[in-house]
Each structure stands twice: as C-alpha cells, then as structure tokens.
Amino acid sequence: MKIEKSKSLFERANNSIPGGVNSPVRAFKAVGGDPLFIKSAKGAHLYDEDGNKYIELINSWGPMILGHANELIEEAVQKSLSNSFSFGAPTKAEVEMAELITQMVPSIEKVRMVNSGTEATMSAVRLARGYTGRNKIIKFEGCYHGHGDSFLIAAGSGVATMGSPDSPGVTQGTANDTLTAPYNNLESVVKLLEQNKDQVAAIILEPVAGNMGCVLPKEGFLEGLRKLCDENGIVLIFDEVMTGFRLAKGGAQEVFNVKPDMTTLGKIIGGGMPVGAYGGKKEIMDFVSPSGPVYQAGTLSGNPIAMAAGLAMLNYLNDHPEVYSQIAKATEDIEKGYQDTLKKLGKPYTINRIGSMISLFFTNKKVTNFEEAKSCDTQLFGKYFRQMLNNGIYLAPSQFETLFISTSITADIVGQIVSANERSLKVV
Ligand code: PMP
C-alpha cells in the first residue's frame, strides 16, 4: 500500500499543528505507523490522498448512520447553502430540530443546541450544578465526555489511548469536584454518596460506553442509578453523544427503558456537521439563560447548515425505523463471522456488541468496566489494526473505541470484513 502523500502531509502537519493532528487519536500513536490523510468518502468507502480505498468502520466516530455523503443530506445542505451560512439569529430550522428531538427522545422536554459533544456535557454539568446548588459530580472510569476540565479524570477514548488519564492544566479544585466510580458498580456509587452527602449535583455516564471499547450496562445498573438519583435529589445525565439516534430513535434510554433527567447529544444530530445539544426536563432546562440564571451561549449554535444536515438525517431515521434492525443485523453478522473465526483459530478474545456498535477486545476476560478493558493486549491490537488496514479495512486506531456500522455496509461488505478479519488474525 502506497501512502507517500499521507506521509508527506503528516510531516508538513507536524510543523504547524501540535502532533500533526487536530484530535489526538487521529495520530495513530497507539497503533504505530503514520496516519492516513483522507480525501473523500462515499457510502461505505473511504479514500485517502494516495488513492487507497478502505471499508469505513468509524463513520466519523458515529454520525454517518446512513453512510458517507448520503444524497438526502447532501441535497439538504446544498439547499441551505444558498441562504448563507450563519446568522447568529433564530431560524425555523432550529425550532424544527428542537421539536424533532423532543418527539424522538421523550425524556427531553426542552433542548439547547451547541457545537460539539464537549460543549453539551460542559453545559449540562454547569446547569445541573446551578439547578441543585451543589458542586460535585460522579463520572465513571473509562467513560469519555469530551475535554471539559471536569471530565479529564479517569477518562476513556483518546485520554486512555494516550495514557494520560489525568491531564495537566486541570486545577486541583476542579479535580476535587469530580468523583469517579468503576462502570457497572452500583455499590461504589452508594459509597461515594455516603461520603459526599448532599454535595453531588449530577451523575453522568454513557448508558452504553463506547469510549473504553463497547461496554454494556449490566442488568439493573441504569435502573439502580436512576433510583439513587431520585433518592438523593441528583440530576441523572445520560451522555448519548454516541448512542443517541444510533441504538434506537430514542437512544440507549429507549433500549433500556430508563429515563434520565438530562441527555447530552453530539455529532449524530448534525449528520456529521459540528453540532451538539443538551436537553431534559423543562423544570431543569428553564434554568438556562435567558429564561433562567445559568449562562450558556454560542455564536454558531443552531447553525443553519448543520441544522439542515441533521434534520435531513433525523427525519429519515424517524420515518424509517427499519434502519435500526438493518444496521443491527449487519453488525450481528459481523459478530457471528468474527466468533466463527476466533473459534477456528483457537483465539479466546472477547466481543461486545449492541445494535450497530461492536468491539473486539484482545483479552480472554469479559469486559464490563475500564479495568477489564485495560487488560487487553494493546500491542497486539496495534498489529491487528495495521493488518486490517493492509486488508482494506479502516478501524478506529485504538483498542478503547467502538466500531460503528452504517446502512452502507451490505451483506457483501460484511463478508469482506469477516474475511479480512480472519486473514489479519492469522498473521498476528
Ligand atoms: N461524549 C461522548 C460519549 C463522546 O463519545 C464524545 C466524543 N466522541 C464526546 C462526549 C465529546 O464530543 P466532541 O468530540 O464532539 O466534543
């Protein structure tokens, strides 16, 4: 595989961009080798600057549920473009977006648009603090909620990949206000609440974790957190930046039938454009400025082009619920294929899957929390990643990420993925 153009762009990038990338995991540090510079994508395929073609299993880290450059979304964006790109003033599309989100996710009674998942979680936590008059939050080890100061404690995703679980630059004061517990461990949350009585404003979590690889909530975990929050006057926040509109129309909260007080959403609602949102109970959301005292704002919030793209995709998902069984079936077929291969090769690795999210963990242990995820052989994952790339499959460049399957992954492509996986596992 020739990657001269990517190599030379990376060299240039390193002179003017820290680490050569605008988001750390992209640098391929955890898997070795130089990152690929992507030129275009269509449907299930990605093309790099050297003209190599890959089957795409990241999908911009989730949002491309309908595959790349989907015509519906493209058309909506083109139509919106001629009306100019930003006004910083209210638009009809924002109202339509808020109405659609509140319809699809019933626990969200009011919603505020922002520009990224990071902004959504930062704003949600500030609001929970303002609403409860308390300072502390509880998050879970291995969950990633963007790069807000409060969340860079025992975080997953790139923070875990880069081996810097606690970032310099986060003040001790901020760190003191973030309490952490192991995922899927209710008892440790009970203990934290006993030690910090009437001080916890919010419990935030990914209801299905995607940032330590795909990790599912154990039976009773989400329900238990709901009960603890009710008993202690705590705001329960589901960070559905990855799971919202992906696992079901109403996200993981619909699948597991547990209603949070607030929900954070991200890239998916923009169909790939830079967007985020936070929403929840009216009573809480009305604490946000200008209806309430908690300040939060954004010049580009509700950007018309992003709204056009997002509305096109969400309306499609709302009208075509069969999409969810389609992408779940494709992912299930990948899982079955992988299981057959593991059995055939006598490799005892672990696969976690829910709907269209799947991770292959290089460990023989069950993976139900970050500690277990960290038992994976990350060196081996790096080798596997590079083999998969050579076999034309573009995976997330870290063990601590999940794969996302789009509607463009046909049965034929599933076959190609499964066979590339077998060829790669044989070599590593
Ligand atoms: N929350 C979760 C669950 C995420 O997965 C991410 C990013 N993948 C974020 C928040 C942060 O979103 P962004 O990168 O758009 O700031």
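Here, each number is a calculation from the coordinates, and none is a lab measurement. Just so it is clear, the model here is predicted, and its values are computed rather than measured. Neighbour counts run over all protein chains shown; Cβ positions are idealised from the backbone, glycine included.
If you build a Gaussian network model of the chain, linking Cα atoms that sit under 10 Å apart, which residue out of Thr363, Thr171, Thr264 swings the most?
Thr171
Around Phe140, which amide H atoms from residues at least 5 apart in sequence, or from another chain, sit under 5 Å from its own amide H, with H modelled in the peptide plane?
Ala181
Which of Phe85, Phe151, Phe238 ends up with the largest GNM mean-square fluctuation for the chain, with Cα atoms connected below 10 Å?
Among Phe85, Phe151, Phe238, the largest mean-square fluctuation in the Gaussian network model of the chain belongs to Phe85.
Count charges around Asp239 for me, please; just the other residues with Cβ under 11 Å from its Cβ, Lys/Arg as +1, Asp/Glu as -1. Write out the running numbers ahead of the final one.
Details: positive: Lys139; negative: Glu206, Glu240.
After counting each charged neighbour, the total is -1.
Take every Cα pair under 8 Å in the chain that's 6+ residues apart, average their separations, divide by the length, and report that relative contact order as a whole percent. Show your work: numbers first, answer last.
Working: 864 pairs, mean separation 95.4, N = 428.
Reported relative contact order: 22 percent.
Can you give the local net charge around Gly415? Use residues other than it whose beta-carbon is closer than 13 angstrom to its beta-carbon, Lys and Arg +1, Asp and Glu -1. Write down the numbers at each step before the final one.
Working: positive: Lys336, Arg423; negative: Asp333, Asp340, Asp412, Glu422.
Net charge in that neighbourhood comes out at -2.
Report ³J(HN,Hα) in whole Hz for each residue of the range 331-338, in order, from the Karplus equation J = 6.51 cos²θ - 1.76 cosθ + 1.60 where θ = phi - 60°; Gly and Pro get x.
With coefficients 6.51, -1.76 and 1.60, one gets 6, 5, 5, 5, 4, 4, x, 4 Hz.
Short version: ³J(HN,Hα) in whole Hz for each residue of the range 57-73, in order, from phi by Karplus 6.51 cos²θ - 1.76 cosθ + 1.60 (θ = phi - 60°), x for Gly and Pro, what are they?
Values per residue, Gly and Pro as x: 10, 9, 6, 6, 6, x, x, 7, 4, 9, x, 7, 6, 4, 4, 4, 6 Hz.
Counting only other residues whose beta carbon sits under 10 Å from that of Ser424, what net charge do I get with K and R as +1, D and E as -1? Kindly include the intermediate steps, with their values, before the conclusion.
Working: positive: Lys383, Arg386, Arg423, Lys426; negative: Glu422.
Net local charge, Ser424 excluded: +3.
Can you give the charge dipole size of the chain about its Cα centre, rounded to the nearest 20 debye, using +1 on the beta carbon of Lys and Arg and -1 on the beta carbon of Asp and Glu? List each step's numbers first, then the result.
Values: 42 positive and 45 negative charges, 162 e Å.
So the magnitude is around 780 debye.
The range 301-318 to the range 241-292: how many Å between their Cα centroids?
The two parts, judged by their Cα centres, are 14 Å apart.
What percent do you get for the relative contact order of the range 144-219 when only Cα pairs under 8 Å and 6+ apart count?
On the way: 58 pairs, mean separation 20.1, N = 76.
RCO, the range 144-219: 26 percent.
Amide H neighbours of Glu206 under 5 Å, counting only residues 5+ apart in sequence or on other chains, H built in-plane at 1.01 Å?
When sequence neighbours closer than 5 places are left aside, the close amide H contacts are Asp239.
Test of understanding: in a Gaussian network model of the chain with alpha carbons linked when under 10 Å, which of Gly130, Gly169, Gly337 would top the mean-square fluctuation ranking?
The residue with the greatest mean-square fluctuation here is Gly169.
Once you treat every alpha carbon in the chain as an equal point and sum by Debye, what is log10 I(q)/I(0) at q = 0.06, 0.09, 0.12 Å⁻¹?
The Debye formula, applied to the Cα set alone, gives -0.23, -0.54, -1.00.
Would you kindly derive the ³J(HN,Hα) couplings of the range 378-392 from the backbone phi angles with the Karplus curve 6.51 cos²θ - 1.76 cosθ + 1.60 (θ = phi - 60°), listing them in order in whole Hz, with x for Gly and Pro?
Here the 3J(HN,Hα) series is 6, 5, 5, 4, x, 5, 4, 4, 5, 5, 4, 4, 4, 8, x Hz.
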